[in-house]
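Presented below is the structure to which this report refers.
Nothing in this text is a laboratory measurement; each read-out follows from the coordinates by a stated rule. Note that the coordinates shown come from a computational prediction; the quantities given were computed from them, not determined experimentally. Cβ: placed from backbone, ideal geometry, glycine included. Neighbour counts: every protein chain shown.
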Amino acid sequence: MSAVATQRMSTESVQELWERYSATGDAALRERLVLTLAPMVKYIVYKKARGLPARCEVEDLTSAGLEALMRSIDRYDSARGATLEQFAWTRIHGAVLDELRRNDWAPRSLRRWEREINGARDQFSALHGRTPAPSELADAVNLSVTELERWLGDISRADVGSLNIPVLADEDITIERIDTIASEDGCVNPELQTMRDQARVRFRSAFEQLPQRERQVAVALYLQDLTLREIGEQLGVTESRVCQIHGQLRKRLRELLTADEQLFREVV
């Protein structure tokens, strides 16, 4: 990335750059705007992701934020009074929140209790220099100990990660994360094993339906652990184009696997 792209530009300079892009439609100027405002996406994502369980992949949030950034550049109207940075911030923030909700199977009421309980625990620790006992934490959130334990159990069960993300096993063999789940008892539950087999087959079938370019991006990003820039150089496209492809493949997989959501939920 050039020194120009990495330097923090003033709001006025960003506006001037957008005006030039709006007047000419020059793709190079658009790319420069994306690179200039991309740190905003990272800031919002990590601010929202801080302290969250691993139910949401940071890459997914970043991809959603970058897509919102690129759309905001094309849809921005300077006549409405807001600066491009203000407009983009609002759109990125909304897109990241939407992605968090879309990937979260837990009801919002449960997440509200999660935030309240965590906040009460942090406040108690800051005041007293120690972790609260269950009875103390229950008092802080106006619950009985039994009610608190029930909520904490529900929160724990809701914090599950994605099962259809490909990972590397021994000898560089590609498997899905679902394959890494160990059985909790000595014998394998035949019904659960059958459901796992079905989930693997459904995901492989959906993955095979993706266009070749989307499969290439998925392998490079999740298996080879390449950055968006490195993938762009490998495929001969821009970093923002890689981000678009990544967003497309995620949406396509979600659409293809929508009917199987209950199956993956039961496997968890």
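What to note about this one:
- By average C-beta atoms within 10 angstrom, highest first, the peptides 211-217, 241-247: 241-247, 211-217
- Each part reduced to its alpha carbon centroid, the range 111-158 and the range 56-75 end up 33 Å apart.
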